[in-house]
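A.B. asks: Got a structure here, written out as structure tokens. Questions coming.
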Amino acid sequence: MTILAVGRPTRSDPDMKSAGTTRSGGALMQDEPLIFELDCWEKTGVDFPRDDFGPDLDASDLAGLTRASPLRLPGLSEPEAVRHYVRLSQKNHAIDLALYPLGSCTMKHNPRLDEKLARLPGFIDLHPLQPMSTVQGALKVMDALAHWLTTLTGMPAVALSPKAGAHGELCGLHTIRAAHEARGDARKTVLAPTSAHGTNPATAALAGYQVVEIGQTADGHVDIADLAAKLGPDVAAVMVTNPNTCGLFEREIIEIARLTHAAGAYFYCDGANFNAIVGRVRPGDLGVDAMHINLHKTFSTPHGGGGPGAGPVVLSASLAPYAPTPWVVHQGGRLALLEHAVGEATASHGRMSAFHGQMGMYVRALAYMMSHGADGLRQVAEDAVLNANYIKARLSGVMSAAFPDGPCMHEALFDDTWLEGTDITTLDFAKAMIDVGFHPMTMYFPLVVHGAMLIEPTETESRRELDRFCDALLELAAAAKAGDVDRFKGAPFHAPLRRLDETLAARRPKLVWTSGD
Ligand SMILES: Cc1ncc(COP(=O)(O)O)c(C=O)c1O
């Protein structure tokens with residue numbers, strides 16, 4: 001293990017100017033091989049007495065379970081194992097280090113209280129196949145979570161089992177298809193706006209639908225005239241994100257729902273941005289038929305990167321009978337997980353996953369809800385919006401807001417017109433943010449905004465943290481305007497790895513370690 005660099009490299013170091021993926025190192029940062037590259041397969045970090053099983057015991061007492069071949073795990077002492085993982089953890093940015101401004105992805109603080117509750121042995125040691133009589137508390141958590149979600153959204157039913165937002169979209173579309181097919185009306189098209197998150201059209205395509213784009217107005221909203229023109233007897237659903245991915249509330253949302261229903265289609269709302277309206281707006285009142293709620297965004301559970309998180313889907317009365325199983329039901333004073341609700345005829349489309357969903361996330365989300373209360377959740381939305389507008393106001397003097405007129409919701413969106421003539425791109429600017437200790441904001445999304453920089457601070461940041469972030473960005477922006485191009489083109493200088501070939505990483509990712517790589 002080699003110490004790569006002592007002391008923080010400066011940008012004038014010749015090595016710092018070289019392009020590519022040269023390691024830059026940093027104070028106290030050591031090179032870290034993968035655990036499989038630590039070459040001591042024969043040893044273990046723990047000493048087990050060989051062939052010494054105690055009085056009157058020998059290997060035959062293991063009933064044939066003696067290991068026939070070595071385990072092939074690298075042998076590390078306990079401090080080596082701990083240090084390996086701590087060093088790896090330091091190679092990445094984390095929400096516990098600084099504000100994490102990824103727009104749309106919503107990276108927010110996971111309250112320690114919720115973490116503590118999720119780790120209670122009664123929850124963490126559960127097995128999905130335990131008898132119902134032994135998991136009454138867990139079922140009560142699911143029942144209470146369902147109650148909060150249906151109450152906050154004003155929708156009568158919720159499917160808890162989807163594992164993430166995108167999985168929730170799939171659940172919503174399967175439910176919609178089941179409802180159409182029950183009427184003998186097999187529709188084949190889904191409409192989604194140009195600004196939609198990539199998962200919307202991807203999910204619709206995966207579910208076997210043809211996706212047709214709805215246009216966008218110059219002020220960042222769904223083009224209602226275009227929607228009306230594209231609605232027809234083959235449209236199964238319209239998928240709209242609200243607040244949308246430009247960080248704006250769809251003012252015509254009720255009209256969108258009305259037009260959709262008039263065409264016999266269902267209104268799917270992508271609820272990834274529910275954190276901007278929770279406690280203030282009930283999607284059920286807007287005419288929404290199905291909506292996923294990414295618990296990691298609105299209710300502060302850890303972000304699963306597409307799973308294993310939780311993306312419950314709330315459903316309108318017309319879709320509820322087609323919801324996936326299982327359901328938590330009340331049976332004579334007890335709770336049970338059932339395939340069919342007692343006494344109700346259902347036409348469920350089946351299961352979204354083998355079991356009931358992610359209990360760890362349910363506990364965290366419920367703890368978040370209960371510790372905030374209804375008023376507190378309303379303030380969550382207000383603070384998320386306030387924080388985004390604070391950032392928009394502070395940065396707008398230098399950076400160009402994509403939609404400068406009026407306030408934004410929970411995300412501040414900038415385009416790259418302010419970088420014109422600097423030879424610096426959105427990507428360069430984002431990479432330079434790493435050098436000043438911040439994770440880049442979401443870049444080049446939504447696609448409808450040129451060189452988009454989408455910043456979502458979330459409600460959990462204090463004004464001091466917001467100022468620290470804004471000060472850093474304003475200093476970088478001043479350097480960009482002053483023509484300090486090297487600072488941006490070569491960035492990041494201080495990360496464990498320099499700039500990576502992102503195209504190669506996306507096209508040919510190495511996802512599996514093989515010996516000799
Ligand atoms: C608007 C929007 N929709 C859907 C998703 C997908 O959610 P998940 O990452 O939980 O699958 C995201 C994720 O960032 C999103 O921002």
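A.B. asks: Across the stretch 87-101, which residue is nearest to the ligand (Cβ to nearest atom) among those that are exposed (fewer than 11 other Cβ atoms within 10 Å of the Cβ) and closer than 18 Å to Gln30 by Cβ?
C.D. replies: Selected residue: Asn92.
A.B. asks: Further question on the same structure: With the condition kept exactly as written, say whether any residue in the stretch 234-253 is within 16 Å of the ligand (Cβ to nearest atom), in a helix (DSSP H, G or I) and crowded, with 22+ Cβ neighbours inside 10 Å.
C.D. replies: Within the stretch 234-253, one or more residues are within 16 Å of the ligand (Cβ to nearest atom), in a helix (DSSP H, G or I) and crowded, with 22+ Cβ neighbours inside 10 Å.
A.B. asks: Can you give me the number of residues within the stretch 398-429 that are assigned to a loop (DSSP other than H, G, I, E, B), in contact (Cβ under 8 Å) with a residue 24 or more places away in the chain and surrounded by fewer than 17 Cβ atoms within 10 Å (Cβ to Cβ)?
C.D. replies: So the count comes out to 4.
A.B. asks: Let me ask something additional. Exactly one condition in (1) among the basic types (Lys, Arg); (2) surrounded by fewer than 21 Cβ atoms within 10 Å (Cβ to Cβ); (3) touching a residue at least 24 places away in the same chain (Cβ under 8 Å) is false for Arg464; which is it?
C.D. replies: (3)
A.B. asks: Looking at Ala192, Ala196, which is the one that is buried (at least 24 other Cβ atoms within 10 Å of the Cβ), part of a strand (DSSP E or B), within 16 Å of the ligand (Cβ to nearest atom) and among the small types (Gly, Ala, Ser)?
C.D. replies: Ala192
A.B. asks: Okay, next question. Exactly one condition in (1) away from the ligand (no atom under 16 Å from the Cβ); (2) part of a strand (DSSP E or B) is false for Ala228; which is it?
C.D. replies: (2)
A.B. asks: Right, here's the next one. Inside the stretch 471-509, can you point out the residues that are crowded, with 18+ Cβ neighbours inside 10 Å and under 18 Å from Ile391 (Cβ atoms)?
C.D. replies: Hits for the stretch 471-509 are Ala472, Leu473, Leu476, Ala477, Ala480.
A.B. asks: So in the stretch 147-165, with the set limited to residues that are under 17 Å from the mean Cα position of the chain (by Cα) and crowded, with 23+ Cβ neighbours inside 10 Å, which one is nearest to Gly247 (Cα to Cα)?
C.D. replies: Gly165
A.B. asks: Could I ask something else about it? What number of residues within the stretch 154-189 are within 14 Å of the ligand (Cβ to nearest atom) and part of a helix (DSSP H, G or I)?
C.D. replies: Residues flagged as within 14 Å of the ligand (Cβ to nearest atom) and part of a helix (DSSP H, G or I) within the stretch 154-189 amount to 9.
A.B. asks: Also, I was wondering about something else. Among the residues of the stretch 199-211, write down those that are more than 13 Å from the ligand (Cβ to nearest atom) and not in a strand (DSSP E or B).
C.D. replies: Ala205, Ala207, Gly208, Tyr209 - these are the residues of the stretch 199-211 that are more than 13 Å from the ligand (Cβ to nearest atom) and not in a strand (DSSP E or B).
A.B. asks: If you don't mind, another one. Which residues, counting only those in the stretch 430-478, are hydrophobic (A, V, I, L, M, F, W, C) and in a strand (DSSP E or B)?
C.D. replies: Met443, Met453, Leu454, Ile455 - these are the residues of the stretch 430-478 that are hydrophobic (A, V, I, L, M, F, W, C) and in a strand (DSSP E or B).
A.B. asks: Can you find a residue in the stretch 102-110 that is away from the ligand (no atom under 16 Å from the Cβ), within 30 Å of Arg464 (Cβ to Cβ) and at pLDDT 80 or above?
C.D. replies: Yes: one or more hits.
A.B. asks: Hey, could you check the stretch 102-118 for residues that are of a type in the set (Gly, Ala, Ser) and in a loop (DSSP other than H, G, I, E, B) and say which is surrounded by the fewest Cβ atoms within 10 Å (Cβ to Cβ)?
C.D. replies: Only one residue fits best here, namely Ser104.
A.B. asks: Restricting the stretch 96-117 to residues that are under 16 Å from Met361 (Cβ atoms) and among the hydrophobic types (A, V, I, L, M, F, W, C), which is nearest to the chain's Cα centre (by Cα)?
C.D. replies: Selected residue: Met107.
A.B. asks: Related question: Which ones in the stretch 201-236 are in contact (Cβ under 8 Å) with a residue 40 or more places away in the chain and either within 24 Å of Leu413 (Cβ to Cβ) or assigned by TED's automatic domain parsing to the domain that holds Leu447 (or both)?
C.D. replies: Passing the criteria: Gln216, Asp219, Gly220.
A.B. asks: Among the residues of the stretch 372-389, is any more than 26 Å from Ile253 (Cα to Cα), touching a residue at least 60 places away in the same chain (Cβ under 8 Å) and either surrounded by fewer than 21 Cβ atoms within 10 Å (Cβ to Cβ) or within 16 Å of the ligand (Cβ to nearest atom) (or both)?
C.D. replies: Among the residues of the stretch 372-389, not one is more than 26 Å from Ile253 (Cα to Cα), touching a residue at least 60 places away in the same chain (Cβ under 8 Å) and either surrounded by fewer than 21 Cβ atoms within 10 Å (Cβ to Cβ) or within 16 Å of the ligand (Cβ to nearest atom) (or both), which makes the answer no.
A.B. asks: Here are some residues: Thr241, Thr260. Which one is modelled with pLDDT of 95 or more and within 27 Å of Asp415 (Cβ to Cβ)?
C.D. replies: Answer to the check: Thr241.
A quick yes/no check of all residues on (1) closer than 13 Å to Pro101 by Cβ; (2) at pLDDT 95 or above; (3) of a type in the set (A, V, I, L, M, F, W, C); (4) not assigned by TED's automatic domain parsing to the domain that holds Glu411:
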{"position": "His450", "(1), (2), (3), (4)": "no, yes, no, no"}
{"position": "Pro457", "(1), (2), (3), (4)": "yes, yes, no, no"}
{"position": "Ala479", "(1), (2), (3), (4)": "no, yes, yes, no"}
{"position": "Val485", "(1), (2), (3), (4)": "no, yes, yes, no"}
{"position": "Ala491", "(1), (2), (3), (4)": "no, yes, yes, no"}
{"position": "Leu500", "(1), (2), (3), (4)": "no, no, yes, no"}
{"position": "Thr503", "(1), (2), (3), (4)": "no, no, no, no"}
{"position": "Asp517", "(1), (2), (3), (4)": "no, no, no, yes"}
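The values are calculated or read from the model by the stated rules, or taken from the named source; none is laboratory data. Everything numeric here is computed off the predicted structure, so don't read it as measured data. In this analysis, Cβ positions are derived from the backbone assuming ideal geometry, glycine residues included, and neighbour counts consider all displayed protein chains.
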